[in-house]
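What follows is a short report on a single structure.
The values are calculated or read from the model by the stated rules, or taken from the named source; none is laboratory data. Model, not experiment: these values are computed from the prediction. Virtual Cβ from ideal backbone geometry, glycine too; neighbours counted across all protein chains shown.
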Amino acid sequence: MPRTYKPKAGARRYRSYTSEHLEKAVSEVVGGKVSLRAASNLYHIPLGMLSHKINKKHGRAPGRPPVFLEREEKSIVENMKTISVGIPI
């Protein structure tokens with residue numbers, strides 16, 4: 001019988017805010033209307049998340065950068081297709 005996950009009472013809820021609230025909070029802090037902490041409390045966004053969004057930290061995609069450029073990779077694929085046709089060596 002499959003188990004059904006039941007979170008503990010008072011457990012952390014992930015991303016309890018919308019992207020519209022996040023953008024609104026960032027624009028208000030950058031515009032100087034409210035402080036960082038006040039915007040965090042007003043829109044229920046974690047203070048660290050809001051701070052990182054304003055300071056533009058963690059903006060890149062996660063993971064390693066690709067080894068080959070896209071055109072190099074396409075060239076390698078085309079060469080592999082040519083070789084796989086069955087040309088005798």
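For the list (1) without any contact (Cβ under 8 Å) to a residue 24 or more places away in the chain; (2) closer than 30 Å to Arg13 by Cα; (3) not small (Gly, Ala, Ser), I need the number of the one condition that Glu78 fails.
All conditions are met except number (2).
List pairs: first in the range 12-30 and free of Cβ contacts under 8 Å to residues at least 40 places away in the same chain and under 17 Å from Lys56 (Cβ atoms), second exposed (fewer than 11 other Cβ atoms within 10 Å of the Cβ) and not hydroxyl-bearing (Ser, Thr, Tyr), Cβ under 6 Å, 6+ apart or cross-chain?
Here the result reads none, with nothing in the range 12-30 linked to a residue that is exposed (fewer than 11 other Cβ atoms within 10 Å of the Cβ) and not hydroxyl-bearing (Ser, Thr, Tyr).
What number of residues within the range 31-75 are closer than 17 Å to Ser19 by Cβ, among the charged types (D, E, K, R) and either touching a residue at least 40 places away in the same chain (Cβ under 8 Å) or surrounded by 12 or more Cβ atoms within 10 Å (Cβ to Cβ) (or both)?
1
For the range 41-59, does any single residue satisfy the condition of being at pLDDT below 90, in a loop (DSSP other than H, G, I, E, B), farther than 20 Å from Tyr14 by Cα and out of contact with any Gly (no Cβ under 8 Å at 6 or more places or on another chain)?
There is at least one residue in the range 41-59 that is at pLDDT below 90, in a loop (DSSP other than H, G, I, E, B), farther than 20 Å from Tyr14 by Cα and out of contact with any Gly (no Cβ under 8 Å at 6 or more places or on another chain).
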